Amino acid sequence: MSNFTDRERGFEAKYSFDLEQNFRIEAHIYKMLATWAGDKMGMSEAESRSYAAKIVGDVVSNPQENGIISVLLADFGRHNIDMTVSEVNRKLEELRPLARAELLEE
């Protein structure tokens, strides 16, 4: 019975680790995407970082489907920048392997 319990705990620990890792990767992708958006909106590097931190905090604390994309598109619109959902999604997918690699290097 002990082997089964140890094995079960091992699976639970791995599952928990994987969930946390995936959350960290998604948050990092969102940060990279929001920084890119800030750059597109003409923000300085410091302003882009600050903007990204705010956006990621808002999206993580209030998760919705396509939350970050909706927020970014609204901000692009306020800055009179023509941006489509497809363009933002394409950038998001482009950043996904980069974000994963950056976090796994740590």
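The values are calculated or read from the model by the stated rules, or taken from the named source; none is laboratory data. All values derive from a computational prediction rather than experimental measurement. As a convention, Cβ positions derive from the backbone with ideal geometry for all residues, glycine included, and neighbour counts pool all protein chains shown. The area values use the complete protein model at the heavy-atom level, side chains included, leaving out ligands, DNA and RNA. Shrake-Rupley method; radii C 1.70, N 1.55, O 1.52, S 1.80 Å.
Observations
- The local environment of PHE17, defined by Cβ-Cβ distances under 13 Å, has a net charge of 0 under the rule Lys, Arg +1 and Asp, Glu -1.
- Residue by residue, region 43-54 carries 3J(HN,Hα) couplings of 7, 5, 4, 5, 5, 5, 5, 5, 4, 4, 4, 5 Hz when phi is fed to the Karplus relation 6.51 cos²θ - 1.76 cosθ + 1.60 (θ = phi - 60°); x denotes Gly or Pro.
- Packing, as the average of other Cβ atoms within 10 Å across residues, places the peptides 30-38, 95-103, 12-20, 73-81 in the order 30-38, 95-103, 73-81, 12-20, highest first.
- Semi-axes of the equivalent ellipsoid for the chain, computed as √(5λ) from the eigenvalues of its C-alpha gyration tensor and ordered from largest down, come to 35, 13, 12 Å.
- MRE, 222 nm, helices only [DSSP H, n ≥ 4, -39500 (n - 2.57), over the chain, to nearest 500]: -29500 deg cm²/dmol
- Proximal aspartates and glutamates relative to LYS40, as straight alpha-carbon distance under 15 Å, when same-chain residues fewer than 8 apart are discounted: ASP75, ASP82, GLU87
- Computed over protein heavy atoms with a 1.4 Å probe, the accessible surface of region 42-84 works out to 63 Å² per residue.
- LEU98 paired with PHE17, simple spin-label distance in nm, labels 7 Å along Cα-to-beta-carbon: 2.8 nm
- Here the accessible area is traced with a 1.4 Å probe on the protein chains. For region 3-105, carbon and sulfur cover 52 percent of it.
- Within region 6-30: backbone nitrogen closer than 15 Å to the ASP39 label point (7 Å, Cα to C-beta): 29-30
- Total formal charge among the other residues, if their Cβ is under 10 angstrom from that of ILE55, Lys/Arg +1 and Asp/Glu -1: 0
- Compared with the dominant principal axis of the Cα atoms in the chain, helix 67-78 is inclined by about 10°.
- This model, with +1 at the C-beta of Lys and Arg and -1 at the C-beta of Asp and Glu, gives the chain a dipole about its Cα centre of some 60 debye.
- The angle between the Cα long axis of helix 2-40 and the main principal axis of the chain comes to about 10°, on a 0 to 90 degree scale.
- Qualifying aspartates and glutamates (Cα of each under 17 Å from Cα of LYS14; at least 8 residues distant if same chain): ASP6
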